[in-house]
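S.K.: Provided herewith is a single structure, encoded as structure tokens, for subsequent inquiry.
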Amino acid sequence: MKRLFILVVLMLTPLVLCRGELSYYLSLMTMTGISAVVALSLNLLLGYTGQISLCHAAFFGLGAYAAAIGSVNFGLNPWLGLGLSCLLPAGVALLVGLPTVRLKEHYLAMATLGIGVIVYAILRANPFGATGGPGGIFAIPSLEIMGVTIDNDISRHVLVTAALIVVYVLCESLISSRFGALMQAVHTSPRAVSSLGIDLEAAKLKIFVLSACLAGLAGGLYCFCSPLAYINPDDVASVMLSVKFIVMVVIGGSMSLLGGVIGALAVTWLPELLRAASAWVPLANPTDFEAVIYGVVLIATLIYAPQGLIRPGGARAQG
Amino acid sequence: MSVLLQYLLTGIGIGTLYALIAVGFSLTYNTSGIINFAQGEFVMLGGMLAVWLHQFQGLPLAAAMGLAIGLTALAGMAVERLAIRPARGSGMTTLIIITIGVSFILKALVGAVTKDEFHLPALPGPTAVTALGATIPSQTLWILALGAAIVLALGLFLKYTLLGATLRAMAEDRQAIRNLGVESQTLPILAFALSAAIGAAAGALITPLTQMSWLKGTELGLKGFCAAVLGGMGNLPGAVLGGLVIGIAETCGSAVLSGYKEVIAFTLVLVILYTRPQGLLGGRL
């Protein structure tokens, strides 16, 4: 409960503080919230179940494109588009997951990387003229709820905050459920799981699909909350983005849900901090050093604090 | 017929470079048990350093390439010492993410210096050779000759020298090597230096054919990785076979389905991973 409270305060404070000139920071927090949903979904897979995925940006991107294609090309209600953004990545994850979950360690890394590259390449290649190629899709409509159109900073932030809280609570109850215990056993003692007659691969597949579904939801939210009403493959599906999601989980703390959120916060705000720091320290181009600092922080975290910033805390232990 | 031959030859040329990158993956995999996702950045470093030494420092082309290879080998040693060794004993997933972090850093460091695309002149020789209606640029001939020489030299080194035998033995059983009193800290660093050098050679050789920029490493590294997995991770002939298969499939495939070049290489790899995860040739070096 305490951690959920921290999350709510973290997300709602900017609504009060970031008004007027500071509204840029509000939209940055909205993006943080969207990234946090992906970090939570990846945390289930990477942190708790111990399965690496280098294709979460692909699920995120598929979610974003499902929503955009549904609502722009087919003129569907945007809420239906948001539904599609959960279903399409989940369906794809089910298909590719069947053979993938049998792989381990670097073979798993390779296969998921391959899936990520293929999805990105397909989105860029503009199959059937559906994805708009490298340029992406423009003029995405806004969501609407009870007569309120979600088309400004504040309403977008409220929507993302609500979604993040729902996903957080969902993940927390999953972790503390019996299935959550199984997930962690898949990570730490897979042989024990098999010896109990539990189908290891079926368990991995379920998590993979659920994780893809949540990442897709985040993609759908991105699609409708991007201030320019525009998505392109580089922004939503690049391999680099998959790596960023992993950085979030690892830095924040791969065995804690709040850790993923804090990781998303750190990764999203790092460029801002660097830009601020460049006023004091003369950096030629702060964005160049962004990736260097990502890399250094990532490696240092893994070597010196493998548990990340937020220490593991099971939902039950937290009370 | 001559069109097909042309594609085949182009594919073999590019495939030889993929094979070299794949050999680098296999070397570090066998000695440290890790997949070095930063391998592609060594390729990029080799190309970019060669460009810097030749075009901006005025070194002759061959000397620039040689020095670039040496410098990249040093970078490889630094990576092993600073990022890999401190994390020894961590899980495979952790090590994979660490090497991804290394690749971030190397790429960004080069990107901070320049984001331009560079070109190198081809190594000296006749501009192009024509055979059976197909044209082979002289650089491709150099790639084939040097690539074969590097792989052959590495194969002989692994097979006939004590150090090479130790490297191979390490792939079989790391603990046994330690029990025999062989200082196993020097072997991983040697493997990193070697694989970085081989990657850099591939990078220096490809720059005259295509262009080199700070972003190129990821793409080339992924192709080499595909080749290594396709042939059988850790297997030297497998790496060569995998490189050639990917090079040819990609060149011929993109002639039919342009725009889907990446999809071809990775679909091949996924098919192999799902049906025969040990790769075409399986086994070890």
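S.K.: Step by step: first the residues of the stretch B:12-31, then only those that are touching a Phe, Trp or Tyr at 6+ places or on another chain (Cβ under 9 Å) and within 12 Å of chain A (Cβ to nearest Cβ), then the one that is surrounded by the fewest Cβ atoms within 10 Å (Cβ to Cβ). Which residue is that? Give the steps one after another, and end with the answer.
M.R.: Of the residues in the stretch B:12-31, the ones touching a Phe, Trp or Tyr at 6+ places or on another chain (Cβ under 9 Å) are B:21-22, B:24-25, B:27-28, B:31.
Then drop every residue that is not within 12 Å of chain A (Cβ to nearest Cβ), which leaves B:25, B:28.
Values: B:PHE25: 30, B:THR28: 27.
Looking at the filtered set, the residue picked out is B:THR28.
S.K.: Which of the residues spanning the stretch B:226-285 are without any contact (Cβ under 8 Å) to a residue 40 or more places away in the chain, charged (D, E, K, R) and in a loop (DSSP other than H, G, I, E, B)?
M.R.: Correct list: B:ARG276 only.
S.K.: Something else now. In the stretch B:97-138, what residues are assigned to a loop (DSSP other than H, G, I, E, B), polar (S, T, N, Q) and under 28 Å from A:VAL239 (Cα atoms)?
M.R.: Pass one, the stretch B:97-138, residues assigned to a loop (DSSP other than H, G, I, E, B): B:114-117, B:119-127, B:132-133.
Subset that is polar (S, T, N, Q): B:114, B:127.
Correct list: B:THR114 only.
S.K.: Based on this model, can you work out whether A:LEU283 counts as surrounded by 15 or more Cβ atoms within 10 Å (Cβ to Cβ), touching a helix residue (DSSP H, G or I) at 6+ places or on another chain (Cβ under 7 Å) and at pLDDT 75 or above? Can you show your working first?
M.R.: Details: surrounded by 15 or more Cβ atoms within 10 Å (Cβ to Cβ): yes; touching a helix residue (DSSP H, G or I) at 6+ places or on another chain (Cβ under 7 Å): yes; at pLDDT 75 or above: no.
No, not satisfied.
S.K.: Which members of the stretch A:218-255 meet the condition of being assigned to a helix (DSSP H, G or I) and over 30 Å from A:THR149 (Cα atoms)?
M.R.: Taking the stretch A:218-255 and keeping what is assigned to a helix (DSSP H, G or I), we get A:218-225, A:233-236, A:239-252.
The answer is A:VAL239, A:MET240, A:SER242, A:VAL243, A:LYS244, A:ILE246, A:VAL247, A:MET248, A:VAL249, A:VAL250, A:ILE251, A:GLY252.
S.K.: Continuing with this model, one more query. Just the residues that are without any contact (Cβ under 8 Å) to a residue 60 or more places away in the chain and not in a helix (DSSP H, G or I), please, taken from the stretch A:256-280.
M.R.: Let us first name the residues in the stretch A:256-280 that are without any contact (Cβ under 8 Å) to a residue 60 or more places away in the chain, namely A:262, A:266, A:270-271, A:273-280.
Of everything in the stretch A:256-280, those that are without any contact (Cβ under 8 Å) to a residue 60 or more places away in the chain and not in a helix (DSSP H, G or I) turn out to be A:SER278, A:ALA279, A:TRP280.
Each row is one residue, and each column tells you yes or no for (1) in contact with a Pro (Cβ under 8 Å, 6 or more places away or on another chain); (2) small (Gly, Ala, Ser).
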{"position": "B:ILE105", "(1), (2)": "no, no"}
{"position": "B:ALA108", "(1), (2)": "no, yes"}
{"position": "B:VAL113", "(1), (2)": "no, no"}
{"position": "B:HIS119", "(1), (2)": "yes, no"}
{"position": "B:THR135", "(1), (2)": "no, no"}
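S.K.: Residues being part of a helix (DSSP H, G or I) and over 21 Å from the mean Cα position of the chain (by Cα): count how many of those fall in the stretch B:74-91. Spell out the reasoning first.
M.R.: Step one: list which residues in the stretch B:74-91 are part of a helix (DSSP H, G or I), which gives B:74-87.
This time we only want the ones that are over 21 Å from the mean Cα position of the chain (by Cα), so: B:82, B:85-87.
The number of residues fulfilling the criteria is 4.
S.K.: Still on this structure, please answer the following. Can you spot a residue in the stretch B:79-88 that is away from chain A (no Cβ under 14 Å) and within 14 Å of B:SER195 (Cβ to Cβ)? Lay out the reasoning, then the answer.
M.R.: Narrowing the stretch B:79-88 to residues away from chain A (no Cβ under 14 Å): none.
No; the residues of the stretch B:79-88 include none that is away from chain A (no Cβ under 14 Å) and within 14 Å of B:SER195 (Cβ to Cβ).
S.K.: So, in the stretch A:212-253, how many residues would count as being more than 15 Å from A:THR30 (Cα to Cα) and not hydrophobic (A, V, I, L, M, F, W, C)? Reasoning before the result, please.
M.R.: Initial filter on the stretch A:212-253 (more than 15 Å from A:THR30 (Cα to Cα)): A:212-216, A:230-253.
Adding the requirement that they be not hydrophobic (A, V, I, L, M, F, W, C) leaves A:216, A:230, A:232-235, A:238, A:242, A:244, A:252-253.
Number of matching residues: 11.
S.K.: Moving on to the next point. Select from the stretch B:123-148 the residues that are small (Gly, Ala, Ser) and touching a Leu at 6+ places or on another chain (Cβ under 8 Å) and write down the one among them that is farthest from the other protein chains (Cβ to nearest Cβ). I'd like the intermediate steps shown before the answer.
M.R.: Step one: of the stretch B:123-148, the residues small (Gly, Ala, Ser) are B:125, B:128, B:131, B:133-134, B:138, B:145, B:147-148.
Subset that is touching a Leu at 6+ places or on another chain (Cβ under 8 Å): B:125, B:133-134, B:138, B:147.
Details: B:GLY125: 35, B:GLY133: 31, B:ALA134: 29, B:SER138: 32, B:GLY147: 23 Å.
This residue is B:GLY125.
S.K.: Across the stretch A:183-199, which residue is nearest to A:VAL96 (Cα to Cα) among those that are surrounded by fewer than 17 Cβ atoms within 10 Å (Cβ to Cβ) and hydrophobic (A, V, I, L, M, F, W, C)?
M.R.: Once the filter is applied, the top-ranked residue is A:ILE198.
S.K.: In addition: For residues that are part of a strand (DSSP E or B) and more than 21 Å from the chain's Cα centre (by Cα), tally how many sit in the stretch A:133-149. Explain how you work it out, then say what you get.
M.R.: Taking the stretch A:133-149 as the starting set, the residues that turn out to be part of a strand (DSSP E or B) are A:137, A:143-145, A:148-149.
Next cut, more than 21 Å from the chain's Cα centre (by Cα) only: A:144-145, A:148-149.
So the answer is 4.
The values are calculated or read from the model by the stated rules, or taken from the named source; none is laboratory data. What you see is a predicted model, and the numbers here were worked out from it, not measured in a lab. Quick reminder, even Gly has a Cβ in these numbers, built from the backbone with ideal geometry, and neighbours come from all protein chains shown.
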